[in-house]
Amino acid sequence: MKLLTRLTLLLCLAAPLPALADDVDAGLAAVKQLGVLNGQALACAAKDAAAHAKMLMLAHAPKTARFGAAYEAATQEGYLAQTRAAVTCPEPKTLAGKIDEVAQRLRTALPAAQPAAK
């Protein structure tokens with residue numbers, strides 16, 4: 001009987017793990033997108049947009065090396081892509097709108113994160 005109880009308990013605890021992994025992957029993807037936009041904002045001297053992206057990252061993403069490294073690498077990627085591209089910088093409002101879209105995905109993927117103050 002004890003074995004059956006333990007097995008049932010183990011199965012109940014393990015059931016949400018695949019969904020949790022999907023949320024973490026979606027959250028990591030959102031953090032990377034936020035980093036790319038941050039790098040683009042930095043390259044375009046859009047200080048308000050860059051500050052907003054950084055604030056969202058600090059407020060919503062888990063404080064782990066994995067998320068921090070992904071954000072930093074994506075920021076460098078976004079910066080280099082913008083500086084090497086032969087395109088003009090987007091309007092600050094357009095960049096801010098893209099950052100807000102990513103923030104919504106981050107909040108959805110990682111609902112336990114605290115909301116950002118504006």
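Every number in this text was worked out from the coordinates using simple rules, so none of it is lab data. What you see is a predicted model; the values in this text were computed from it and never measured. Here the Cβ positions follow ideal geometry from the backbone for every residue, glycine too, while neighbour counts run over all protein chains shown.
Across segment 22-109, Cα-Cα pairs farther apart than 16 Å form 45% of the total. With a Förster radius of 35 Å applied to the beta-carbon distance between Ala65 and Ala86, the computed FRET efficiency rounds to 0.50. Bridgeable lysines around Lys93 (alpha carbons under 24 Å apart, same-chain partners fewer than 8 residues away excluded): Lys32, Lys47, Lys54, Lys118.
State, as an integer percentage, the relative contact order of segment 22-109 based on alpha-carbon contacts under 8 Å between residues 6 or more apart. Dividing the mean separation by the residue count of segment 22-109 yields 48 percent.
Remark: Thr64, Thr75 ranked as Thr64, Thr75, counting other beta-carbon atoms within 10 Å and listing the fewest first.
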